[in-house]
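Structure first, commentary second.
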Amino acid sequence: MLIRYFISLVFTVIVLVITCLLSNFYSFLWLINIPSALIAIIFPLVFLLILHGWKDIVLAFCILCKKDIGKKDLLNAKIFFKNYTIILFSIGFIGFIISFLAMMRYLEVAEDLGPRMAIASMTLLYAGIINLGIIMPYNIIINKKLNEFEN
């Protein structure tokens, strides 16, 4: 299962690279925005740490490494990753709205609207990449293991 997870991560990176190349963006520097990355990475994890605790987070991420995992642990991990998705996109949308409102404040400078809108949508982009690269593969693996318990 661990190998399949890493293959899905590599596939996500390849899809991102191909999308950038097809969009005529030959540099990945336009994808980097440190404040948006911190909002999309740090805030959801801190929020989840408050809600679930350190032990549940470590257990959820170690599902791939453990051979004998119980149904209760799998269900807890499923709940964790469901909450992770909800919190991740909620914070992504909040970051987008805050950046969008800041952009609307300076409408008199028309040439800055495009770059400001791109920066505003970076938090949602990072949330989507985290969801596609981390959360969805874990959800698929957890659902497969839960189906093995039911069969």
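Computed from backbone phi, the HN-Hα couplings of the range 32-45 come to 9, 9, 4, x, 5, 5, 5, 5, 6, 9, 6, 4, x, 5 Hz, rounded to whole numbers (Karplus: 6.51 cos²θ - 1.76 cosθ + 1.60, θ = phi - 60°; Gly and Pro given as x). Packing here is the average count of other Cβ atoms within 10 Å per residue, and on that basis the peptides 82-95, 52-65, 104-117, 122-135, highest first, run 122-135, 82-95, 52-65, 104-117. Which is farthest toward the positive dipole end of the chain among ILE97, PRO137, ALA127, measuring Cα position about the Cα centre, with Cβ charges +1 (Lys, Arg) and -1 (Asp, Glu)? Farthest towards the positive pole: PRO137. For the range 2-150, the convex hull spanned by the alpha carbon atoms encloses 117 Å³ per residue.
Per-residue ellipticity at 222 nm from helix content only, as computed over the chain with -39500 (n - 2.57) for each DSSP H run of at least four residues, stands at -26500 deg cm²/dmol. Projecting the Cα atoms of ILE79, VAL13, LEU113 onto the charge dipole of the chain, computed from C-beta unit charges around the Cα centre, puts ILE79 farthest toward the positive end.
Where a number appears in this text, it was derived from the coordinates with a stated rule and is not lab data. What you are looking at is a predicted structure, and each value in this text was computed from that prediction instead of being measured. Cβ atoms come from the backbone with ideal geometry, glycine included; neighbour counts cover every protein chain shown.
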